[in-house]
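Quick notes on the structure that follows.
The values are calculated or read from the model by the stated rules, or taken from the named source; none is laboratory data. Only a predicted model underlies this, so the values are computations on that prediction, with no experimental measurement involved. Heads up, the Cβs are rebuilt from the backbone with ideal geometry, glycines too, and the neighbour counts pull from every protein chain shown. Keep in mind that these areas ignore ligands, DNA and RNA; they rest on the heavy atoms of the full protein, side chains included. Shrake-Rupley method; radii C 1.70, N 1.55, O 1.52, S 1.80 Å.
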Amino acid sequence: MRNVAFIPTTVTVHVGQTVKWINKDNVAHNVTASNGQTFQSPTFGNGGSFTFTPKVAGSIAYTCTIHPNMLATLIVKP
């Protein structure tokens, strides 16, 4: 998370691989799945992070609900 954006906007991982988002902005963010699977982080500031480990394959759209223009996709392969 940098410049009020998820960078990169598409990430590919495998089932069981942990994904970690780190806030490198000076504003607070969260990470919330909007489609595909369910997860929601608490709000966290600069230097804070959130991890998620997908258990099934598929595509997960996610956003920062504080900054709805922050959109990205997590592609989970078997």
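Remarks
- Region 13-45, subset touching a residue at least 60 places away in the same chain (Cβ under 8 Å) and surrounded by 12 or more Cβ atoms within 10 Å (Cβ to Cβ), residue farthest from residue 72 (Cα to Cα): 15
- Within region 55-74, residues that are touching a residue at least 24 places away in the same chain (Cβ under 8 Å) sit with their Cβ atoms under 6 Å from residues that are hydrophobic (A, V, I, L, M, F, W, C) and open to solvent by 80 Å² or more (accessible area, probe 1.4 Å), at 6+ positions apart or across chains, in these pairs: 63/71.
- Count of residues meeting criterion [open to solvent by 90 Å² or more (accessible area, probe 1.4 Å), part of a strand (DSSP E or B) and not charged (D, E, K, R)] in region 69-78: 2
- Selection status of residue 30, under 9 Å from the mean Cα position of the chain (by Cα) and modelled with pLDDT of 95 or more: yes
- Qualifying residue in region 46-62 (condition: open to solvent by less than 20 Å² (accessible area, probe 1.4 Å), touching a strand residue (DSSP E or B) at 6+ places or on another chain (Cβ under 9 Å), among the aromatic types (Phe, Trp, Tyr) and not in a loop (DSSP other than H, G, I, E, B)): yes
- Which numbered condition residue 37 fails, given (1) assigned to a strand (DSSP E or B); (2) modelled with pLDDT under 95: (1)
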